[in-house]
Every structure is written in C-alpha cells, then in structure tokens.
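Undergrad: Structure in structure tokens, see below.
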Protein chains: 2
Amino acid sequence: MATTRASSGRVRRRPTRSGVVLEPEMIIDAALRLIEAPGGNALTVRRLGVELGADPSAIYRYFRDLDALLIAIADRLISETLAGFEPGPDWKAALREMGRGVHDSMLRHPRLAQLRAIRFTAGPNELRADDIGIGLLLSAGFSAPDAVRHFRDFIDAVLSLAAMDAAELAPGQEEADKEALARAYATLSPEDYPNLAAVRDHLPQITASPFPGVLEKLISALALAAPGPSAP
Amino acid sequence: MATTRASSGRVRRRPTRSGVVLEPEMIIDAALRLIEAPGGNALTVRRLGVELGADPSAIYRYFRDLDALLIAIADRLISETLAGFEPGPDWKAALREMGRGVHDSMLRHPRLAQLRAIRFTAGPNELRADDIGIGLLLSAGFSAPDAVRHFRDFIDAVLSLAAMDAAELAPGQEEADKEALARAYATLSPEDYPNLAAVRDHLPQITASPFPGVLEKLISALALAAPGPSAP
DNA sequence: ACGCTTAGGTCAATGCGTTGACATAAGGAG
DNA sequence: CTCCTTATGTCAACGCATTGACCTAAGCGT
C-alpha cells in the first residue's frame, strides 16, 4: 500500500501526547460537541484541548483563532439550514420561509449567532443562500441592481435581528433586565411619559420577539416596491 | 463645616493607595476617556484601575461587572442622542430622524453598540425615547396596542442593524472578509450560482451599509399599515 | 540508510475579567 | 475619647484566549 498521504492536503501530522492524530474536521466535531453540551456554552479552547487529548495551543495550528473555528462551524450550520429548503412559486412566501429558517437556525446555536450575523464565511453554502434569495427577487420582477440591494437589506435585517434574539437567550442576565423593565413600566409617571402612560396596558407584550413583525414589514415593503404583474 | 456626607448616598469612602477618593461618576468619566482614547477600545478593567489610581478590583464595589459599567455609560449616550431631538409634525420624517440619530450615536461608540442593542438600561433616557416614539405612532393614528407593537419592531430593527454596522467598524478582521467576498464573487461559476452570475456587475455595491434601505422599508411598511387621514 | 527541513505538538508566559479572603479607616454609639 | 461595625480598598488567585520559543519526529532527497 502507498502511504496514507494520498488525498489529504495535510501531511506530517504528529500524534499528540495522548496518541490522537488531529484533523480540522475532528476539531470542529469536538467543538460542536462542547457547544451543544448540557450546560451550554461549554466551549473554551482549553476544554477543547482536553476533549481532543491535546494541548490547547495545538488548535491554533489549524485555526487562526477561536473566531476562525467558530466560522468554520457556522458554515456547516448554514448548509444544514439550507438542506431541504425548496422555494415555491410565491416569492413572498419563499422569502418568509427563508427568513424564518435563518432565525430558527441561529436561535439553535446562540453562541454562533453574533458571528454569523457579522462575518462573511466565504463558504459555498453562504453563496448558495444568496443565489436563492436574489433569484427570488429577480422572479418578483426587480431589476438586477434592485434585487441585489433589496436582498442585502432583507438578509442583513434578518441576520441582525436573529442575532439579537439569540443574545437574549444566553445567560441569566436577561431575566434581571425583564424585571427592571416591568418595574420601570409599573412606576412610570404620566407627567413625564404621557404616551407610555396612555398605552400602559399594552406594554407587557413587549417581551415577545420583534422578529415576526419586522419580517412582515420587510416583505410588505418589498411587495410595495416590486414591479409585480399588476404594475405598469 | 459639616461632614461631606450631606448629599451623597455613599459614605465611608476610603482614599485609594494613591489618595484618590472614588465616585461612580468618576469611574464613568475615566472609562469614557479610555473608550475614546486614540487607539480605540483601550478600556480594560485593569487599565481603568491605573487611570483611576486604584486597584482594578475596586471598580467592582461600584459596578457589578464590566457590563453594568458599560450600561451606565450607554445611558449617558442615549441622553446625548436625545438632546436636541425635536419631532416635527410629520411622523414619518420624525421616525426617520430618530432612526438615523440612534444609528449615528451607536457608530460613534462601537464598543457599546452590542450592549445597547441587547440590554435594557432601565434609565430615564431610554424611557424618554420610547415615549417619543410611541407618541409618533399614536399621532399616526395607530391604536394603542398597534403603536406599541410597531414601535417595538421599528426600534429593535434599528438597534440591531446599528449594532451590526458598528461591529463591522471594529478591528481589522473585517477587511479580510471584504477581500474574501470580492474573491468569491469574482470566481463564482454561472452553473452553480446562476442568479448571482446574472447580477454580478451589481454585487460590489454590497459593501454599503444596509441601514438606510431597511429604514425606508420599515417606514414604508408602517405608512402602509397606518390608518392615516386618507384611509377609511 | 542517512541526514535535513519543517509541520506541528508542547510549554511557559502575557494580559484579560472576575472573585474570595483579608485589612483598615471612617464614622456612629457610649 | 474609645470601641465596634462595616464599607470599601487591596491582594492573590482562577480560568480565559493568545503567542513566542522550543523540540521532535515525519517524510523527503540522496
């Protein structure tokens, strides 16, 4: 048999002190295992080292820093989100479905949400998502520049709001905020805040996520701007 | 003379090793000085200790953690943003102005942006902003529950997008992303990504901020939903 | 078979936020 | 004036991400 170097790009792997031979995929797997561990957010570089049976710093031979590792994980998740997404004939419905899919996927891994909203993974899965979305807007009758611009607006709003929702899921800090908010609303003075006082009965609903409302607003604005079949 | 304890809630302040007597306001001032320092992002608890002439851990006698300190700073900034904001008769224009004001203010202090988007400061300035915004939607003819819901959607979308824009301002990581994006767009295959290929000429514009576009979409969706003067 | 180069594992150290134990002076009570 | 309580400053330590120096064996050319 030939040496095992055939397909792999990396060679010269040396076994760690505990005998394991590292590979990028193996690191991503271990990291995902820690991220999804019971306590949640159990991923640290040091623990990853233990999980892999290697010195923590060995990870930096494969990923520039923790961000790069998280991005690699994120691209996997995008592909999972995309799998099974089949846009129908109604571009508005398809866009809505896409938005919800992204939102759900990001809530499933809050630790990665912030990164996914901000950074470009440059992976094929992200391009695939962009291609589908822009295709939808083109099918709605938008010109090429308008489709690009509007899709960018849409997807960035969806991503950033999803990241916001994900952040509120995180530790226990948010609970304290909710209490502070309830207290503030209970004691607000009608002289200082006449409008808040006027709608006081409806303020508690603020604990719900703004995501669905914003999603509908975006789609309705796009429908309004679209040169649809009924337009001149 | 009487002792100095008169107005202040805190008593028993002991001078630090270097003779300074700490106060919460003083800590906020020092922190803002570091945040706005040349290099940017120069704020660390340890440096704050040096700046104040105290042990870093002394700060934790005044703020539960760094987050709490940042929130205290954020409430100051909200008040600055609000100062000089005078809503005119046109609710759409006023909302637009408010959105831009928030966006600008958050870009001015990227370090605080993420926190301002997610956390509730419970300060009077935040309530003031909410009061004004909801007042605008009430004046547009929305019912109380609709005004609350729509304002929540609006302000959260503005906050989260502003945080996203602010994050892209941060270190040098983003530049690498832009390059990766440009490369990806230059080499994309028309077979795999037909729609992206079709709009290829317009993709470079993606580097612009999506904020203005989203702001207009939100306002136009609200205008559509509003039971305005011309509605039944 | 032998030596060279070097990828990649390991170690030690940096600065970070945060915390618990400890020390001490401020200020009230008598 | 003296004593006691306790707010608040200080110190040492934790685990964190990251990095530079090192060391060693994998796999090449000969």
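The values are calculated or read from the model by the stated rules, or taken from the named source; none is laboratory data. What you see is a predicted model; the values in this text were computed from it and never measured. Counting neighbours? That spans all protein chains shown, and the Cβs are built from the backbone with ideal geometry, glycine included. What goes into the accessible areas is simple: the full protein's heavy atoms, side chains included, and nothing from ligands, DNA or RNA. Shrake-Rupley method; radii C 1.70, N 1.55, O 1.52, S 1.80 Å.
Per-residue answers, yes or no, for (1) among the β-branched types (Val, Ile, Thr); (2) open to solvent by 10 Å² or more (accessible area, probe 1.4 Å):
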| position | (1), (2) |
| --- | --- |
| A:ILE134 | yes, no |
| A:GLY141 | no, yes |
| A:ALA144 | no, yes |
| A:HIS150 | no, yes |
| A:LEU161 | no, no |
| A:ALA166 | no, no |
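Undergrad: Scan segment A:166-185 for residues that are more than 9 Å from chain B (Cβ to nearest Cβ) and at pLDDT 90 or above and jot them down.
TA: A:ALA166
Undergrad: Among (1) in contact (Cβ under 8 Å) with a residue 60 or more places away in the chain; (2) crowded, with 21+ Cβ neighbours inside 10 Å; (3) within 16 Å of DNA strand C (Cβ to nearest atom), which single condition is B:LEU48 missing?
TA: B:LEU48 satisfies all of (1) in contact (Cβ under 8 Å) with a residue 60 or more places away in the chain; (2) crowded, with 21+ Cβ neighbours inside 10 Å; (3) within 16 Å of DNA strand C (Cβ to nearest atom) except (1).
Undergrad: Take B:LEU188 and decide whether it is outside any helix (DSSP H, G or I), at pLDDT below 95 and surrounded by 15 or more Cβ atoms within 10 Å (Cβ to Cβ).
TA: Spelling it out, B:LEU188 is indeed outside any helix (DSSP H, G or I), at pLDDT below 95 and surrounded by 15 or more Cβ atoms within 10 Å (Cβ to Cβ).
Undergrad: Would you mind telling me which numbered condition in (1) within 16 Å of DNA strand C (Cβ to nearest atom); (2) open to solvent by less than 70 Å² (accessible area, probe 1.4 Å); (3) more than 12 Å from the chain's Cα centre (by Cα) B:ARG96 fails?
TA: Only one criterion is unmet by B:ARG96, namely (1).
Undergrad: Oh, and also: Being more than 16 Å from DNA strand D (Cβ to nearest atom) and at pLDDT below 95 narrows it down to one of B:ARG111, B:ARG152, B:ARG96, so name that one.
TA: Testing whether each residue is more than 16 Å from DNA strand D (Cβ to nearest atom) and at pLDDT below 95 leaves just B:ARG111.
Undergrad: Please find, among B:LEU70, B:LEU77, the residue that is more than 11 Å from DNA strand D (Cβ to nearest atom), of a type in the set (A, V, I, L, M, F, W, C), within 14 Å of another protein chain (Cβ to nearest Cβ) and crowded, with 16+ Cβ neighbours inside 10 Å.
TA: B:LEU70
Undergrad: Filter segment A:54-67 for residues that are in a helix (DSSP H, G or I) and buried (at least 17 other Cβ atoms within 10 Å of the Cβ) and give the result.
TA: Once the filter is applied, which keeps residues that are in a helix (DSSP H, G or I) and buried (at least 17 other Cβ atoms within 10 Å of the Cβ), segment A:54-67 yields A:ALA58, A:ILE59.
Undergrad: Working only within segment A:191-201, note down all residues that are in a helix (DSSP H, G or I) and open to solvent by 20 Å² or more (accessible area, probe 1.4 Å). Give the derivation first.
TA: From segment A:191-201, those in a helix (DSSP H, G or I) are A:194-198, A:200-201; that's our starting set.
Across segment A:191-201, the qualifying residues are A:PRO194, A:ASN195, A:ALA197, A:ALA198, A:ARG200, A:ASP201.
Undergrad: Further question: Could you tell me which numbered condition B:TRP91 fails, if it satisfies all but one of (1) more than 20 Å from B:LEU112 (Cβ to Cβ); (2) hydrophobic (A, V, I, L, M, F, W, C); (3) free of Cβ contacts under 8 Å to residues at least 12 places away in the same chain?
TA: The single condition B:TRP91 does not satisfy is (3).
Undergrad: Here is a follow-up. Considering every residue within segment A:47-67, establish whether at least one is modelled with pLDDT under 90, away from DNA strand D (no atom under 12 Å from the Cβ) and of a type outside the set (Lys, Arg). Quick ask: steps written out before the conclusion?
TA: Keep residues of segment A:47-67 that are modelled with pLDDT under 90, which gives none.
There is no residue in segment A:47-67 that is modelled with pLDDT under 90, away from DNA strand D (no atom under 12 Å from the Cβ) and of a type outside the set (Lys, Arg).
Undergrad: Additional query: Kindly list, by first and then second residue, each pair from a residue in segment A:15-30 that is closer than 22 Å to A:ASN41 by Cβ and within 14 Å of chain B (Cβ to nearest Cβ) to a residue that is within 12 Å of DNA strand D (Cβ to nearest atom) and at pLDDT 85 or above, limited to pairs with Cβ atoms under 6 Å and residues at least 6 apart or on different chains.
TA: Listed pairs, sorted by first residue: none to list.
Undergrad: Among the residues of segment B:71-80, is any modelled with pLDDT of 95 or more and in contact with a Phe, Trp or Tyr (Cβ under 8 Å, 6 or more places away or on another chain)?
TA: no
Undergrad: Something else: What's the number of the only condition in (1) assigned to a loop (DSSP other than H, G, I, E, B); (2) hydrophobic (A, V, I, L, M, F, W, C); (3) open to solvent by 20 Å² or more (accessible area, probe 1.4 Å) that B:ALA182 fails to meet?
TA: (1)
To keep it simple, each residue is scored yes or no on (1) among the acidic types (Asp, Glu); (2) in contact with a Lys or Arg (Cβ under 8 Å, 6 or more places away or on another chain).
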residue: A:LYS178; (1), (2): no, no
residue: A:LEU181; (1), (2): no, no
residue: A:ALA186; (1), (2): no, no
residue: A:TYR193; (1), (2): no, yes
residue: A:ASP201; (1), (2): yes, no
residue: A:ILE206; (1), (2): no, yes
residue: A:PRO212; (1), (2): no, no
residue: A:LEU215; (1), (2): no, yes
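Undergrad: Name every residue in segment B:202-227 that is open to solvent by 60 Å² or more (accessible area, probe 1.4 Å), more than 7 Å from chain A (Cβ to nearest Cβ) and in a helix (DSSP H, G or I), in order of residue number.
TA: B:PRO204, B:THR207, B:PRO212, B:GLU216
Undergrad: Among the numbered criteria (1) surrounded by fewer than 15 Cβ atoms within 10 Å (Cβ to Cβ); (2) in contact (Cβ under 8 Å) with a residue 12 or more places away in the chain; (3) more than 16 Å from DNA strand C (Cβ to nearest atom), which single criterion is violated by B:VAL102?
TA: Just one mismatch for B:VAL102, condition (1).
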